[in-house]
Amino acid sequence: MRLLVLGGTHFLGRHVVGAALERGHEVATFTRGVSGAPPEGARALCGDRDDPAALPAALDGWRPELVVDTSCQTRAAADNAAAVLGGVAGYAFVSSLNAYRDWPPGPIGPEDAQPTWGTDDDDYGPNKAHAERVLAEAVGPAFLTARAGLVVGPHDPVYRLGWWLDRISRGGRIVVPAEGLDQPISLVDARDLAVWLVGMAERGQGGAVNAKGPVGSTTYGGLLDVCRDVTGGDAEWVPVPEDDLVATGVQEWVHLPLWLRHEEARTAWDVDTTRARELGLTTRPLEATVADTWAWMQTSERPPLPTHRPAPGLPVELEERLLAGR
Ligand SMILES: NC(=O)c1ccc[n+]([C@@H]2O[C@H](COP(=O)([O-])OP(=O)(O)OC[C@H]3O[C@@H](n4cnc5c(N)ncnc54)[C@H](OP(=O)(O)O)[C@@H]3O)[C@@H](O)[C@H]2O)c1
């Protein structure tokens with residue numbers, strides 16, 4: 001079928017293109033052309049989706065039957081897609097858990113029981129919730145919104161898992177949160193999510209889905225152990241109480257990627273993913289995700305870090321202060 005990827009040159013979208021080609025679809029991508037070209041085999045259409053005239057001009061009569069939308073960040077982007085793509089047979093949209101009004105802190109139960117943002121704020125979560133509403137109205141029952149949690153894997157430019165891999169590979173004494181190591185967490189590999197999104201669009205599946213791996217498939221400490229196994233370093237964990245981390249100025253999620261303070265972590269990671277499992281979202285072994293990400297980091301040119309958010313990782317001066325005397 002004719003499948004349009006809104007996005008497709010960066011991370012998740014790149015894997016969606018690969019999955020769609022694998023399934024035999026005729027694939028086109030729509031991007032500004034800033035982040036490079038899509039994988040070979042896809043036709044690159046160019047334009048800014050915030051511009052209402054750009055998508056119709058780029059399609060130039062080509063009528064997609066299926067859409068996977070990985071690139072929507074603004075209200076205009078959603079409105080413009082809704083105006084053009086309402087008649088497709090399947091539209092899989094990549095949203096976020098941030099579309100929920102109460103996440104974080106969560107917990108998040110079954111999708112339909114949880115309110116999403118209804119405000120006009122120009123913020124990530126409210127914008128995703130707006131996009132879900134306008135696209136669902138335009139597409140109807142064949143609109144699926146995948147409220148993704150943490151997405152990882154090869155081609156990830158966000159560098160949260162990447163920073164841990166780099167730091168752990170250098171070995172030595174490494175600051176870890178004392179209370180956080182046994183916190184159950186879950187990730188979704190972009191390649192698993194991509195295959196599933198294409199499948200959902202193909203069958204015109206509708207509805208909202210918390211799109212992540214089963215909670216408790218690993219723990220924070222389990223993930224760090226896998227990183228150490230994969231990189232082969234001699235890293236030694238130095239657990240630091242979270243009060244000390246906070247008092248020293250360590251920022252949650254940013255300085256120690258994926259770390260949240262204990263109370264918040266307990267609810268933020270607690271997301272019901274029953275529906276995702278029922279609809280066939282699979283989770284490859286964590287070891288495979290970490291090993292493939294590390295292999296990609298060794299062999300490929302790394303994409304530039306996004307400029308709109310702080311670079312992940314513990315500043316050296318904070319690490320030295322925290323390790324001193326321990
Ligand atoms: N990473 C996570 O942990 C996480 C968690 C929850 C949800 N998500 C969501 O997952 C999605 C995945 O993003 P990704 O970066 O992996 O997707 P991607 O499709 O691989 O990359 C983003 C694409 O959007 C294009 N783009 C950006 N602005 C555009 C514009 N104004 N008009 C047209 N194209 C535009 C970029 O190309 P150009 O720059 O060339 O235009 C790029 O191809 C996002 O929607 C994100 O909100 C991610």
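The values are calculated or read from the model by the stated rules, or taken from the named source; none is laboratory data. All values reported here derive from a predicted model rather than from experimental measurement. Cβ: placed from backbone, ideal geometry, glycine included. Neighbour counts: every protein chain shown. Remember, those area values only see protein heavy atoms, side chains included, never the ligands or the DNA or RNA. Shrake-Rupley method; radii C 1.70, N 1.55, O 1.52, S 1.80 Å.
Couple of notes before you dig in:
- Residue count for the stretch 65-94, restricted to those that are touching a Gly at 6+ places or on another chain (Cβ under 9 Å) and within 12 Å of the ligand (Cβ to nearest atom): 7.
- Some residue of the stretch 15-22 being among the hydrophobic types (A, V, I, L, M, F, W, C), within 14 Å of the ligand (Cβ to nearest atom), under 14 Å from ALA201 (Cβ atoms) and part of a strand (DSSP E or B): no
Let's see how each residue does on (1) within 21 Å of PRO285 (Cα to Cα); (2) open to solvent by less than 20 Å² (accessible area, probe 1.4 Å); (3) assigned by TED's automatic domain parsing to the domain that holds GLN114:
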position: LEU193; (1), (2), (3): yes, yes, yes
position: TYR220; (1), (2), (3): yes, yes, no
position: LEU224; (1), (2), (3): yes, yes, no
position: VAL230; (1), (2), (3): yes, no, no
position: GLU236; (1), (2), (3): no, no, no
position: GLU242; (1), (2), (3): no, no, no
position: LEU260; (1), (2), (3): no, no, no
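- Helices (runs of 4 or more DSSP H) lying entirely in the stretch 116-217 (those with 1 or more residues that are more than 25 Å from PRO304 (Cβ to Cβ)): 124-139, 190-202
- Scan of the stretch 42-63 for residues that are on the phi > 0 side of the Ramachandran plot and open to solvent by less than 60 Å² (accessible area, probe 1.4 Å), ordered by number: GLY47
- Pairs where the first residue, in the stretch 118-143, is closer than 22 Å to ALA201 by Cβ and without any contact (Cβ under 8 Å) to a residue 40 or more places away in the chain and the second is within 15 Å of the ligand (Cβ to nearest atom) and part of a loop (DSSP other than H, G, I, E, B), C-beta under 8 Å, 6+ apart: ALA129/TRP117
- Of all positions in the stretch 103-119, at least one carries a residue that is over 18 Å from PRO141 (Cβ atoms), of a type in the set (Val, Ile, Thr), surrounded by fewer than 22 Cβ atoms within 10 Å (Cβ to Cβ) and at pLDDT 95 or above.
- Single condition GLU179 does not satisfy, out of (1) within 23 Å of GLY221 (Cβ to Cβ); (2) modelled with pLDDT of 95 or more; (3) away from the ligand (no atom under 16 Å from the Cβ); (4) surrounded by fewer than 21 Cβ atoms within 10 Å (Cβ to Cβ): (2)
- Test: residue in the stretch 13-31 that is under 17 Å from HIS155 (Cβ atoms), exposed (fewer than 15 other Cβ atoms within 10 Å of the Cβ) and not polar (S, T, N, Q): yes
- Considering residues of the stretch 123-150 that are of a type in the set (Val, Ile, Thr) and buried (at least 23 other Cβ atoms within 10 Å of the Cβ) only, the residue farthest from the ligand (Cβ to nearest atom): VAL139
For every residue, the table says whether it meets (1) touching a helix residue (DSSP H, G or I) at 6+ places or on another chain (Cβ under 6 Å); (2) more than 30 Å from GLY109 (Cα to Cα).
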position: GLY233; (1), (2): yes, yes
position: TRP237; (1), (2): no, yes
position: GLN251; (1), (2): no, no
position: PRO257; (1), (2): yes, no
position: GLU263; (1), (2): no, no
position: ARG277; (1), (2): no, no
